[in-house]
Amino acid sequence: MTPARWRSAALVALSVQVAASFGVAAYALWRGNPSVDAWFTGLEAFLTGLVLAWWTVLLGRFTLGEAVPLTDGTLRALRLVFPWLTSLRGTLWLLTLLGVLSGMAPEANTVALTALFTVWLAAIVASNAVYGTLARLAPNPADQVGRGRLTEWLNLSAALSLAMTVFNLVPIAGFSSSPTLTDRLVYGIGGGLDILATLLALGAVRSAMRAEG
């Protein structure tokens, strides 16, 4: 595809993912009735939608080669909020890990749990790097080294998103209950959108790099 088509496809997919994130936030609160876990899940999904919306706007400008001033409201909002999103995700990861270590899931397979927590932590780190790399690149879109790093993080993030989608749809016995059909649809579609949008964003960045030479 041409750079323009890659860019358009990526922006459409990311916009749909933003809407889906807000939908997941509402679903988590409705499904949770609402429990503490549901509030945390809803808050994480809501912040994801906000951060992803700002990231999408900046990606659109970045792939056009537009330098975003440091005083730009979207850039400032992204830089302010995405570390809080990462902190929330890290807190949820740590609390769950501490629960497992204290005997919350004694019958769960240790190897499967180790794989889950490793992939989960890696996904948190990769998403934080994707947000942060573009936030640093936006004022200087011609930075080829930075562009290369962004493509690497996007590529890794897509792979980790696939792994996390599998873990969400195929629960670990003794650790999490089997998801309902509605759960599978919500989280399966959400995971699929994340993978697709990330791959299209990767293609848009690579296409823009090739077009500039």
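The values are calculated or read from the model by the stated rules, or taken from the named source; none is laboratory data. If you're wondering where the values come from, they're calculated on a predicted model, not measured in any experiment. Heads up, the Cβs are rebuilt from the backbone with ideal geometry, glycines too, and the neighbour counts pull from every protein chain shown. Just so you know, the surface numbers come from the protein's heavy atoms only, side chains and all, with ligands and any DNA or RNA stripped out. Shrake-Rupley method; radii C 1.70, N 1.55, O 1.52, S 1.80 Å.
Just a few scattered comments:
- The stretch 136-145, subset part of a helix (DSSP H, G or I) and surrounded by fewer than 19 Cβ atoms within 10 Å (Cβ to Cβ), residue modelled with the highest pLDDT: ARG136
- Looking across the stretch 94-121, the residues that are part of a helix (DSSP H, G or I) and within 17 Å of VAL166 (Cα to Cα) come down to VAL111, ALA112, LEU113, THR114, ALA115, LEU116, PHE117, THR118, VAL119, TRP120, LEU121.
- LEU162 vs. criteria assigned to a helix (DSSP H, G or I) and modelled with pLDDT of 85 or more: yes
- Checking GLY103 against (1) farther than 29 Å from PHE40 by Cα; (2) without any contact (Cβ under 8 Å) to a residue 12 or more places away in the chain; (3) of a type outside the set (Lys, Arg), the condition it does not meet: (1)
- Within the stretch 64-87, the residues that satisfy the criterion of being aliphatic (A, V, I, L, M) and part of a loop (DSSP other than H, G, I, E, B) are LEU64, ALA67, VAL68, LEU70.
- When GLU66 is tested against (1) surrounded by fewer than 16 Cβ atoms within 10 Å (Cβ to Cβ); (2) under 14 Å from the mean Cα position of the chain (by Cα); (3) not aliphatic (A, V, I, L, M), exactly one condition is not met: (2).
- If you go through the stretch 7-63 and keep only what is outside any helix (DSSP H, G or I) and either surrounded by fewer than 19 Cβ atoms within 10 Å (Cβ to Cβ) or modelled with pLDDT of 95 or more (or both), you end up with ASN33, PRO34, SER35.
- Pairs meeting the criteria (first residue in the stretch 54-69 and on the phi > 0 side of the Ramachandran plot, second residue at pLDDT below 95 and outside any loop (DSSP other than H, G, I, E, B), beta carbons under 8 Å, at least 6 apart or on different chains) are GLY65/ALA208; GLY65/GLU212.
- Checking each residue in the stretch 80-110 for being among the hydrophobic types (A, V, I, L, M, F, W, C), more than 17 Å from TRP54 (Cβ to Cβ) and open to solvent by 60 Å² or more (accessible area, probe 1.4 Å) picks out LEU94, LEU95, LEU98, LEU101, MET104.
- The residue that is nearest to VAL100 (Cα to Cα), counting only those in the stretch 120-133 that are β-branched (Val, Ile, Thr) and surrounded by 18 or more Cβ atoms within 10 Å (Cβ to Cβ), is ILE124.
- Hits in the stretch 30-87 (condition: closer than 11 Å to TYR131 by Cα and charged (D, E, K, R)): ARG79
A quick yes/no check of all residues on (1) open to solvent by less than 30 Å² (accessible area, probe 1.4 Å); (2) without any contact (Cβ under 8 Å) to a residue 40 or more places away in the chain; (3) within 17 Å of the chain's Cα centre (by Cα):
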position: ARG147; (1), (2), (3): yes, no, no
position: GLU152; (1), (2), (3): no, yes, yes
position: SER161; (1), (2), (3): yes, yes, yes
position: ILE172; (1), (2), (3): yes, no, no
position: GLY188; (1), (2), (3): yes, yes, yes
position: GLY191; (1), (2), (3): yes, yes, yes
position: LEU199; (1), (2), (3): no, no, yes
position: ARG206; (1), (2), (3): no, no, no
